[in-house]
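The values are calculated or read from the model by the stated rules, or taken from the named source; none is laboratory data. Source: prediction; values computed, not measured. Glycine gets a Cβ as well: all are built from the backbone with ideal geometry, and neighbour counts include every protein chain shown.
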């Protein structure tokens, strides 16, 4: 860097030196870096963000397939409304009552009450890109015996904001059930703007006001995590966790995690009830969408046991019995060991061996008769399939796609990459102890009975 020596070097005619130092300040008066925004790998941030996930509570929590919810005790949840008894409000038959805002209200009433919510889908992550989680919520005032958490985490891994009821706020990173980072604001452990009115922004965060929380993170196993609040159009970083060259092993086991929120009353809680208000959530990734997952496919009725190189259609049995009745042809689900995988449908194709006109449905969570799930020789795949089921039952709400395939035609159905269906998780007994994969079934009906239906299914996997 050039140095100015006032003893040996002269001044310009206006009295200034040849070298002038200019300090740039941001709108808060703090010294600012003049450069534009850069990524953690020092690349100029000019990319357009891509939405990985988003959700807004529109009118009801009942039957919403986007979230899994577990309640204990007398805890309750409902959409914010103006009914005399908000928990009993019926959004489908509201009468004179109305929804006042698209917010999910979590309410605990007595000791040991709790509500835990997780997205049914796992949020995918692509190494090499930063992802930004934003969660709109309202904490309410801290209260002894009440814990509120919100972030991207499951029971063992992830990161979240926490109000633990002591009057302090914590930022937590958990790996394999162990809190590897737990920093409190009151303890002076946050290394950013604490939003207490005396920081860089001079902003005081109000727990009674609607807030937009944000976490910018990378994984790789060694990426950084930045916690903050989005206020007045700016992301105010309250704490940064730098993992590269600091942690032994990855900072969490996996980046494939659900968005989550909890409201918990302790065993000694003696208050009159507490609330947690949850609104919209989103996850965006820096840069355009890229198909980087492994692509897999399966076709029912293929006989892989024939001597090479022959692979033949087994048409010895008809899987479409009575005419104009839907039968299960091919079903997929996540393997039990791979429920944290992000699997998206890519395309389907269906026909009969004699090209009869057929009706096609894609059905989730149908009740199957005689199903036998197994992997198709792809031990590294997260998916297992069934082609043995002989009957099924389902409701209209279970149908996610329908089509008619006329005689002599068989056009592949390709799903748009931005709206392709991702396999979800579901409850068997309304408890996170019983989470399993949902099933996706290709069902076919023919205008004539006793036909052999052939269906193919392709999907992509991010592991």
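Here are some notes:
- Residue 70 satisfies every condition listed in (1) surrounded by fewer than 18 Cβ atoms within 10 Å (Cβ to Cβ); (2) in contact (Cβ under 8 Å) with a residue 24 or more places away in the chain except (1).
- Matching residues, segment 209-235, being more than 27 Å from residue 245 (Cα to Cα) and modelled with pLDDT under 95: 230, 231, 232, 233, 234
- Listed by first and then second residue, the pairs linking a residue in segment 387-404 that is free of Cβ contacts under 8 Å to residues at least 40 places away in the same chain to a residue that is assigned to a loop (DSSP other than H, G, I, E, B) and surrounded by fewer than 13 Cβ atoms within 10 Å (Cβ to Cβ), with Cβ atoms under 9 Å apart and 6 or more places separating them unless they lie on different chains, are 388/370; 388/372.
- Any chance residue 184 is surrounded by fewer than 19 Cβ atoms within 10 Å (Cβ to Cβ) and over 23 Å from residue 230 (Cβ atoms): no
- Yes/no for residue 206 being crowded, with 20+ Cβ neighbours inside 10 Å and out of contact with any helix residue (DSSP H, G or I) (no Cβ under 7 Å at 6 or more places or on another chain): no
- As a summary of the residue check, residue 41 satisfies the conditions (1) assigned to a loop (DSSP other than H, G, I, E, B); (2) closer than 30 Å to residue 128 by Cβ; (3) modelled with pLDDT of 85 or more except for the one numbered (3).
- The sole residue among 439, 428, 409 that is in contact with a helix residue (DSSP H, G or I) (Cβ under 6 Å, 6 or more places away or on another chain) and in the same structural domain as residue 349 (by TED's automatic domain parsing) is 428.
- Of all residues in segment 227-259, those satisfying the criterion of being over 24 Å from residue 462 (Cα atoms), in a loop (DSSP other than H, G, I, E, B) and free of Cβ contacts under 8 Å to residues at least 60 places away in the same chain are 232, 233, 242, 245, 246, 248.
- Scanning segment 237-265 for residues that are over 17 Å from residue 153 (Cβ atoms) and either crowded, with 21+ Cβ neighbours inside 10 Å or touching a helix residue (DSSP H, G or I) at 6+ places or on another chain (Cβ under 8 Å) (or both) turns up 238, 265.
Yes/no per residue for (1) under 27 Å from residue 257 (Cα atoms); (2) modelled with pLDDT of 95 or more; (3) surrounded by fewer than 20 Cβ atoms within 10 Å (Cβ to Cβ); (4) not assigned by TED's automatic domain parsing to the domain that holds residue 228:
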{"residue": "94", "(1), (2), (3), (4)": "no, no, yes, no"}
{"residue": "99", "(1), (2), (3), (4)": "no, no, yes, no"}
{"residue": "106", "(1), (2), (3), (4)": "yes, yes, no, no"}
{"residue": "110", "(1), (2), (3), (4)": "no, yes, yes, no"}
{"residue": "127", "(1), (2), (3), (4)": "yes, no, yes, no"}
{"residue": "140", "(1), (2), (3), (4)": "yes, no, yes, no"}
{"residue": "150", "(1), (2), (3), (4)": "yes, yes, no, no"}
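- Condition check for residue 278: at pLDDT below 75 and in contact with a strand residue (DSSP E or B) (Cβ under 7 Å, 6 or more places away or on another chain): no
- Residue 84, sole failed condition from (1) in a strand (DSSP E or B); (2) free of Cβ contacts under 8 Å to residues at least 24 places away in the same chain: (1)
- For segment 95-116, a residue qualifies if it is farther than 20 Å from residue 143 by Cβ and in contact (Cβ under 8 Å) with a residue 12 or more places away in the chain, and the qualifying residues are 97, 98, 99, 100, 101, 102.
- Filter pass, residue 452 being more than 19 Å from the chain's Cα centre (by Cα) and loosely packed, with under 15 Cβ neighbours inside 10 Å: no
- Total residues in segment 244-275, condition at positive phi and at pLDDT below 95: 2
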